[in-house]
Amino acid sequence: QVQLVESGGGLVQAGGSLRLSCAASGTTFSINTIGWYRQAPGKQRELVASISSGGSTGYVDSVKGRFTISRDNAKNTVYLQMNSLKPDDTAVYFCYAELVSQRYWGQGIQVTVSS
């Protein structure tokens, strides 16, 4: 079992920055990949960024160059630094953790970017 708790969301003006955090607890040593999805109103959930246990990262094209994912294994925490935010980044952001045969989700956190 893995528990994920997100923090750091909120309201920001376009061009601003936010940093999301996701603290993992439980069988964290079993986590292979951890990252972030987001879901905007009326849209499907999309993968935003991920980072593997080896440190390999991946991003959706729309956030490349603006978002950076990182993980602190000692703190069992993953971060998503979001810069140059746009109104299109407005969504509920979900942290996820992928083990060999299971995926766990956080409760989601709102990010709102005003124009």
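Results, tabulated for the structure shown:
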item: SER7 open to solvent by 40 Å² or more (accessible area, probe 1.4 Å) and either on the phi < 0 side of the Ramachandran plot or touching a residue at least 60 places away in the same chain (Cβ under 8 Å) (or both); result: yes
item: Residue that is more than 12 Å from the chain's Cα centre (by Cα) and under 21 Å from SER101 (Cβ atoms), where the choices are GLY16, GLY35, GLY54, GLY10; result: GLY54
item: Looking only at region 38-48, and only at residues there that are in contact with a Phe, Trp or Tyr (Cβ under 6 Å, 6 or more places away or on another chain) and more than 19 Å from VAL100 (Cα to Cα), the one that is least open to solvent (accessible area, probe 1.4 Å); result: VAL48
item: Subset of region 60-76 [more than 21 Å from SER114 (Cα to Cα) and buried (at least 20 other Cβ atoms within 10 Å of the Cβ)]; result: ILE69, ARG71
item: Looking only at region 19-34, and only at residues there that are at pLDDT 90 or above and among the β-branched types (Val, Ile, Thr), the one that is surrounded by the fewest Cβ atoms within 10 Å (Cβ to Cβ); result: THR33
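The values are calculated or read from the model by the stated rules, or taken from the named source; none is laboratory data. What you are looking at is a predicted structure, and each value in this text was computed from that prediction instead of being measured. Note that we place each Cβ from the backbone using ideal geometry, even for glycine, and neighbour counts take in every protein chain shown. Each accessible area value is taken on the protein alone, full model and side chains, heavy atoms only, with ligands, DNA and RNA left out. Shrake-Rupley method; radii C 1.70, N 1.55, O 1.52, S 1.80 Å.
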